[in-house]
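> Dumping the structure here so I can ask a few things about it.
Derivation of every value follows stated rules applied to the coordinates shown; laboratory data play no part. Predicted model only: the values in this text are computed from it and were never measured. No Cβ is skipped: glycine too gets one built from the backbone with ideal geometry, and neighbour counts run over all protein chains shown.
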Amino acid sequence: MELKVGMKVTGTVTGIQPYGVFVDIGNHTQGLIHISECRLGYVEDIYKLFHVDQIVSALIIDIDEYSGKISLSLRSQQVDYAILNHPKSFRPRRIHYWTNYRLSIGFKSLAQARGTWMSEAKNLF
């Protein structure tokens, strides 16, 4: 089976390091779950979350083209999709700026003030 980014795989934890967990995903292939991808939030002690020979289900998030190293994630499976589903009546709040956007004076005001600005600039030099 060819592994691709986005596939869900099940494997066995073969090693635990302070920076992540090594998982055997079959066919003599090993992937790494970085500590930042173990779960949402801060991971205080990775040794409390995992143990050797534990079976985990992870998502492939990256496969390095040159070295063939596989990056896995458990965190991407913990997304609460109910939060992302907005009701149909959802409407973003409108931001009001302290400008009068209905006034269409364009660049006239700049053109009128340009002469004064030029004379003030000449006086400075």
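> Below 15 angstrom from the Cβ of residue 51, what's the summed charge of the other residues (Lys, Arg +1; Asp, Glu -1)? List each step's numbers first, then the result.
Working: positive: 48; negative: 24, 45, 53.
Result for the local shell: -2.
> Here's a follow-up. What ranking do 125, 50 get, fewest neighbouring Cβ atoms within 10 angstrom at the top? Could you put the intermediate results ahead of the total?
On the way: 125 4, 50 18.
Exposure proxy ranking, most exposed first: 125, 50.
> Given +1 on the Cβ of Lys and Arg, -1 on the Cβ of Asp and Glu, and no further charges, what dipole in debye does segment 8-80 carry about its Cα centre, rounded to the nearest 20?
Charge dipole of segment 8-80: 100 debye, to the nearest 20.
> OK, next. HN-Hα J couplings of segment 22-34 from phi, Karplus 6.51/-1.76/1.60, θ = phi - 60°, integer Hz, Gly and Pro as x?
8, 10, 8, 9, x, 6, 6, 10, 10, x, 10, 9, 5
> Which one of 42, 29, 5 is farthest out on the positive end of the charge dipole of segment 1-65, using unit charges on Cβ (Lys, Arg +1; Asp, Glu -1) and the Cα centre as origin?
Result: 42, furthest along the dipole toward the positive end.
> Another question, if that's okay. Modelling each spin label as a point 7 Å along the Cα-to-Cβ direction, I'd like the residue 93/residue 34 distance in nm, to one decimal.
It works out to 3.4 nm between the two label points.
> Between residue 43 and residue 2, what is the FRET efficiency for a Förster distance of 41 Å, r being their Cβ-Cβ separation, to the nearest 0.05? Could the numbers behind the result be given before it?
On the way: r = 31 Å, r/R0 = 0.76.
That gives a FRET efficiency of 0.85.
> Sticking with this one: Pull up all non-local amide H partners of residue 15: gap of 5 or more, or a different chain, and H-to-H distance under 5 Å with H placed in the peptide plane.
Answer set, sorted by chain and number: 22.
> If each residue of separation counts as 0.36 nm, what is the full-extension length gain between residue 67 and residue 123 once their alpha-carbon separation is subtracted? Working shown, then result.
Numbers: separation 56, 0.36 × 56 = 20.16 nm, distance 6.59 nm.
Using 0.36 nm per residue and subtracting the Cα-Cα distance, I get 13.6 nm.
> Using the Cβ atoms and a cut-off under 13 Å, what net charge is assigned to the surroundings of residue 32, where Lys and Arg are +1 and Asp and Glu are -1? Spell out each step's value before the answer.
Numbers: positive: 69; negative: 24, 37, 62, 64.
Residues close to residue 32 contribute a combined charge of -3.
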